[in-house]
Each structure stands twice: as C-alpha cells, then as structure tokens.
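Take a look at the structure below.
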Amino acid sequence: MAYAWGSLLTAVRTGAPAYHTVFGRPFWEDLQAHPDIAASFDALMGPPGHGTPDPEVLVTGGWESVRTVVDVGGGTGSLLAEILRARPAVRGTLVDLPATVARSGEVFEAAGVAGRVTTVGQSFFDPLPASADLYLLKSVLADWPDREALAILTRCADAARPSGRVVVLNGVSPDESSGPSPELLMMVLVGGKDRGLSEFRELARAAALEVRAAERQPSGRFVVECGPTS
Ligand SMILES: C[S@@+](CC[C@H](N)C(=O)[O-])C[C@H]1O[C@@H](n2cnc3c(N)ncnc32)[C@H](O)[C@@H]1O
C-alpha cells in the first residue's frame with residue numbers, strides 16, 4: 001500500500017485511484033487475490049483495530065419492525081455479528097466479495113449467531129438479496145466515485161421493501177462540519193471520497209431514496225437513514 005502514496009499527485013490531479021495506477025488492478029481485486037493483504041485489511045477494518053462496532057445503527061428506532069438485515073459490503077461481518085447478538089429475533093445476510101465472506105465464519109461463530117446468518121459472495125453492483133427490512137452500508141460509499149456510489153445505492157433501493165430502510169454509516173458528514181474531509185488514503189487506494197449531507201441527499205434522490213434522518217451518534221459515527229422515495 002505504501003507504494004501507492006508515490007502516485008498521490010496523480011490521484012489528486014485526475015481523481016483516478018493511485019493504487020490501480022501503481023499495481024495495474026483495482027485495490028479490491030488485489031485483496032481478493034492476495035490473502036495476506038486481505039488479512040491485514042480485515043485487521044484494519046474489524047476488531048481489534050476498530051473496537052467492537054456499535055450495533056445501534058438506527059436513527060429513528062423501530063427495531064421491532066426489523067426482522068431481516070443485509071449488510072452490504074459488510075466485510076467479514078463484525079457489525080452484523082454485533083447486531084444479531086444484540087437482537088436475537090433478527091436474521092442477517094452478509095454480502096461481500098467471495099474471498100471476504102469466506103473469512104466471516106469465525107466472526108459469526110464467536111458471536112454465537114452463525115445459525116441466523118446467510119453469507120452471499122457477490123458484487124454489490126449485482127442485484128442484492130431482496131425484501132429485507134434494513135440494508136446497511138458501513139464505510140462503503142466513501143470508497144467509490146459518484147457513478148459507482150449511485151449504482152450501489154440503487155441496488156439497495158431496488159432490493160428494499162417499500163417499508164424498508166437503507167442506513168449509511170460513515171462516508172457522509174454533516175454540512176455544518178468543515179466540509180467533506182479529503183480522505184487521502186481512500187482517494188489513493190480506491191478513488192473515493194467523503195460526502196456532505198446535501199451532496200449525499202442528491203445522490204440518494206437519484207437512487208430513488210430519500211433521507212429521513214441523520215445524526216451523529218455518541219460513538220462519533222455519523223449515520224444517515226433513508227427510505228424509498230414515496
Ligand atoms: C472499507 S470496507 C468496509 C467493510 C465493512 N462494512 C466495515 O465497515 O468494516 C469495504 C468493503 O467493500 C467490499 N467490496 C469492495 N468491492 C465490492 C464489490 N464490488 N462487491 C461487494 N463488496 C465489495 C470490500 O471487500 C470490503 O469488505
């Protein structure tokens with residue numbers, strides 16, 4: 001990864017991810033092909049690197065109407081495992097690339113929730129498991145330029161029930177903060193960016209989603225809750 005920093009200037013000038021320029025293929029493809037790099041990325045994203053994820057992902061509450069959760073680009077499942085551990089009546093589906101979901105088994109076993117989880121190794125640019133009550137996108141959208149971020153949101157909107165919700169955790173910032181911070185590492189690795197709430201609202205609208213609520217949680221995480229446009 002350190003080599004990619006050498007192309008930072010190109011990344012800033014062109015918006016193209018430097019990792020792809022340096023290594024000849026996208027960061028995510030490289031992770032799938034190299035278990036050693038993937039393992040170090042897992043450690044960066046999941047416990048103990050980031051602590052235990054907060055399972056309180058809803059802004060407007062209403063967990064009693066949530067029976068099914070799909071964590072889209074959910075990595076090796078650390079957030080989904082915590083949600084299922086906290087909510088014994090909920091079932092979950094983890095969607096991520098095949099080599100990543102293949103590493104999730106021990107996370108769900110350790111949390112004692114493996115019996116309530118389905119894992120799906122697929123791209124989130126393909127149709128998602130349909131009709132869940134809740135679709136989660138944690139630390140996913142900031143990895144992608146607008147065209148791809150819109151495609152991911154559209155897949156969530158298409159898959160959700162009319163009463164379903166799409167919840168975005170990380171990657172969107174309140175407008176009143178000092179503006180979307182340049183996430184240099186993500187720009188260098190994958191060409192993505194953080195978005196202000198107004199900018200995100202427009203992107204969501206284009207995906208037939210409307211922002212229903214947004215708040216900064218005690219953990220510092222900024223959460224945006226969306227529903228299908230009525
Ligand atoms: C920054 S990580 C976030 C993981 C997890 N949501 C978390 O917060 O720990 C982004 C995730 O997107 C996944 N990903 C990248 N491209 C994908 C694709 N085309 N389809 C599905 N998942 C993808 C990666 O494998 C990775 O697990």
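The values are calculated or read from the model by the stated rules, or taken from the named source; none is laboratory data. In this text the structure is predicted, and so the values were computed from the model without any measurement. Reconstructed Cβ throughout: ideal geometry from the backbone, glycine too, with neighbour counts over all protein chains shown. In case anyone asks, the SASA skips ligands and DNA or RNA and just uses the protein heavy atoms, side chains included. Shrake-Rupley method; radii C 1.70, N 1.55, O 1.52, S 1.80 Å.
A few notes on this one:
- Every condition in (1) in a loop (DSSP other than H, G, I, E, B); (2) open to solvent by 20 Å² or more (accessible area, probe 1.4 Å); (3) at pLDDT below 85 is met by Gly220 except one, and the failing one is (3).
- Only one entry of Gly92, Gly74 meets the criterion of being within 15 Å of the ligand (Cβ to nearest atom), within 15 Å of Val166 (Cα to Cα) and open to solvent by 10 Å² or more (accessible area, probe 1.4 Å), and that entry is Gly74.
- Hits in region 146-159 (condition: more than 13 Å from the ligand (Cβ to nearest atom) and over 17 Å from Val57 (Cβ atoms)): Asp146, Arg147, Leu150, Thr154, Ala157, Asp158, Ala159
- Long-range neighbours under 8 Å by Cβ, at least six apart or interchain, first residue basic (Lys, Arg) within region 210-230, second outside any strand (DSSP E or B): Arg212/Val59; Arg212/Thr60; Arg216/Pro174; Arg221/Asp54; Arg221/Asn170
- All positions within region 77-89 that are more than 8 Å from the ligand (Cβ to nearest atom) and crowded, with 20+ Cβ neighbours inside 10 Å: Gly77, Leu80, Ala81, Glu82, Ile83, Leu84
The rows are residues; the columns are (1) more than 16 Å from the ligand (Cβ to nearest atom); (2) out of contact with any Lys or Arg (no Cβ under 6 Å at 6 or more places or on another chain); (3) in contact (Cβ under 8 Å) with a residue 12 or more places away in the chain.
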| site | (1), (2), (3) |
| --- | --- |
| Ser65 | yes, yes, yes |
| Asp96 | no, yes, yes |
| Glu106 | no, yes, no |
| Thr119 | no, yes, yes |
| Ser139 | no, yes, yes |
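- Selection within region 136-153 - open to solvent by 40 Å² or more (accessible area, probe 1.4 Å) and closer than 18 Å to Ser78 by Cα: Lys138
- Total residues in region 123-135, condition open to solvent by 30 Å² or more (accessible area, probe 1.4 Å) and within 15 Å of the ligand (Cβ to nearest atom): 6
- When we screen Val120, Val188, Val113 for residues that are modelled with pLDDT of 95 or more and open to solvent by less than 20 Å² (accessible area, probe 1.4 Å), the only hit is Val113.
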